1. Using the structure shown, decide if residue 75 is modelled with pLDDT of 95 or more, of a type in the set (D, E, K, R) and outside any helix (DSSP H, G or I).
2. Pick out the one residue from 70, 65 that is crowded, with 17+ Cβ neighbours inside 10 Å, away from the ligand (no atom under 12 Å from the Cβ), among the aliphatic types (A, V, I, L, M) and more than 16 Å from residue 23 (Cβ to Cβ).
3. Which one is surrounded by the fewest Cβ atoms within 10 Å (Cβ to Cβ) among residues in the stretch 138-174 that are modelled with pLDDT of 95 or more and at positive phi?
4. Provide a single number: the residues in the stretch 84-96 that are touching a residue at least 40 places away in the same chain (Cβ under 8 Å) and buried (at least 16 other Cβ atoms within 10 Å of the Cβ).
5. Which of the numbered conditions does residue 81 fail, given that it passes all the others? Conditions: (1) in a helix (DSSP H, G or I); (2) within 13 Å of the chain's Cα centre (by Cα).
6. Can you confirm whether residue 56 is without any contact (Cβ under 8 Å) to a residue 40 or more places away in the chain, near the ligand (Cβ under 7 Å from one of its atoms) and either assigned to a loop (DSSP other than H, G, I, E, B) or out of contact with any Lys or Arg (no Cβ under 7 Å at 6 or more places or on another chain) (or both)?
7. Taking the stretch 16-43, which residues are in a loop (DSSP other than H, G, I, E, B) and within 13 Å of the chain's Cα centre (by Cα)?
8. Quick one: in the stretch 44-53, of everything that is within 14 Å of the ligand (Cβ to nearest atom) and outside any loop (DSSP other than H, G, I, E, B), which residue is farthest from residue 107 (Cα to Cα)?
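The values are calculated or read from the model by the stated rules, or taken from the named source; none is laboratory data. Given the structure is predicted, the values throughout are model-derived calculations rather than measurements. Don't worry about glycine lacking a Cβ; one is built from the backbone with ideal geometry, like all the others, and counts go over all protein chains shown.
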Amino acid sequence: MDAGQFKIGMRTLAGAVNIITSMHSGHCYGMTATAVCSATADPPTVLACINKLASTHNAVAKSKVFCVNVLRAEDWQLSTAFSGAQSGDSRFKNGNWTRLATGAPVLIDALVSFDCRVVKTLAHGSHTVFLGQVEQMLIGQKGKPLLYSEGQYAKLASLTLGEPLPEGLDYWGF
Ligand SMILES: Cc1cc2nc3c(=O)[nH]c(=O)nc-3n(C[C@H](O)[C@H](O)[C@H](O)COP(=O)(O)O)c2cc1C
């Protein structure tokens, strides 16, 4: 199948919206990304898929650091700014930023931020998959996550149906 068909299918895959940041040669880089997930719990590792053409790609590849900042629903305008509406360092005029262990920009307004050092990369086609070991984590603001589905921003609505997981069993499940 071709890339166009694949993208039509992937539009239905709802994702949490994050801003991946990095710091290279004294400049801040950042981009909106949904292709992010937890990879392993031990060691704590996240996975991020970044297009080779994105300006943040080179910064992450060279500096070997990145931070995943999980956005709140009310911060959807940050997602717009970091996906092309603004460019370069000026993207960081939006939101409140600090730094932790790696020096990559950390969004104080995020739900949570994972400050990572790259431990493995896999180049495949248009993207590179970066595995980042989490050096520091900042639990940020309370709120609901910003979601993206069918080309639109969305907000989480919990179902009243369904049973909670049995005591002692969590997502990591064993
Ligand atoms: C909701 C949303 C999710 C995105 N997810 C990704 C992603 O996971 N990986 C990626 O490489 N680009 C993703 N993009 C596209 C980049 O954010 C966009 O191409 C960005 O402008 C690239 O940065 P640059 O303009 O500095 O090159 C996403 C865009 C949006 C709006």
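1. Values: modelled with pLDDT of 95 or more: yes; of a type in the set (D, E, K, R): yes; outside any helix (DSSP H, G or I): no.
No: the conditions fail for residue 75.
2. Details: 65 fails: more than 16 Å from residue 23 (Cβ to Cβ).
Among 70, 65, only 70 is crowded, with 17+ Cβ neighbours inside 10 Å, away from the ligand (no atom under 12 Å from the Cβ), among the aliphatic types (A, V, I, L, M) and more than 16 Å from residue 23 (Cβ to Cβ).
3. 151
4. Going residue by residue through the stretch 84-96, those that are touching a residue at least 40 places away in the same chain (Cβ under 8 Å) are 88-89, 91-92.
Right, trim to buried (at least 16 other Cβ atoms within 10 Å of the Cβ) and you get 91-92.
Within the stretch 84-96, residues that are touching a residue at least 40 places away in the same chain (Cβ under 8 Å) and buried (at least 16 other Cβ atoms within 10 Å of the Cβ) number 2.
5. (2)
6. Working: without any contact (Cβ under 8 Å) to a residue 40 or more places away in the chain: yes; near the ligand (Cβ under 7 Å from one of its atoms): yes; either assigned to a loop (DSSP other than H, G, I, E, B) or out of contact with any Lys or Arg (no Cβ under 7 Å at 6 or more places or on another chain) (or both): yes.
So residue 56 passes the test.
7. At the first step, the residues of the stretch 16-43 found to be in a loop (DSSP other than H, G, I, E, B) are 17, 25-26, 34-35, 41-43.
Those that are in a loop (DSSP other than H, G, I, E, B) and within 13 Å of the chain's Cα centre (by Cα): 17, 34, 35.
8. Going residue by residue through the stretch 44-53, those that are within 14 Å of the ligand (Cβ to nearest atom) are 46-53.
Next, only the ones that are outside any loop (DSSP other than H, G, I, E, B) stay: 46-51.
Values: 46: 17, 47: 19, 48: 17, 49: 20, 50: 19, 51: 22 Å.
Taking the candidates together, the pick is 51.
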